[in-house]
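Comments concern the structure below.
The values are calculated or read from the model by the stated rules, or taken from the named source; none is laboratory data. From a predicted model like this one, the values you see are computed outputs, not experimental measurements. Using ideal geometry, Cβ is built from the backbone for each residue, glycine included, and neighbour counts are taken over all protein chains shown. The protein model used for the area step is the full one, side chains on, heavy atoms only, and it has no ligands, DNA or RNA in it. Shrake-Rupley method; radii C 1.70, N 1.55, O 1.52, S 1.80 Å.
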Amino acid sequence: FSQTNSKAFTAKTSCVRRRYREFVWLRRQLQRNAGLVPVPELPGKSAFFVGSTDEFIERRRQGLQHFLER
């Protein structure tokens with residue numbers, strides 16, 4: 001979710017869905033342009049997960065959110 005108070009946007013809150021591969025692309029772009037600044041790792045893309053699908057998705061979502069914040 002993204003929130004803004006800029007007058008340039010009519011909607012103050014918006015939601016965007018992203019695929020895991022888009023985060024992989026973003027990380028590669030950041031690595032190319034980062035120089036000596038380390039780029040954080042992405043959460044794992046495990047094909048084999050023990051537990052519920054919902055739990056896996058939530059863990060990955062949290063990991064991707066942490067990646068964006070770093």
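General observations
- Solvent-accessible area, 1.4 Å probe, carbon plus sulfur percent, for segment 19-69: 56
- Ordering of 56-68, 10-22, 30-42 by packing is 56-68, 30-42, 10-22, highest average first (other Cβ atoms within 10 Å, averaged per residue).
- The residues neighbouring Arg28, those whose beta-carbon lies less than 14 Å from its own, together hold a net charge of +1 under the Lys/Arg +1, Asp/Glu -1 convention.
- When Rg and Dmax are taken over the Cα atoms of the chain, they come to 15.2, 46 Å.
- Accessible surface computed residue by residue for the chain, with neighbouring protein chains in place and a 1.4 Å probe, gives 93 Å² per residue.
- Glu69 versus Leu30: modelled label distance in nm, points set 7 Å from Cα along the beta carbon direction: 1.3
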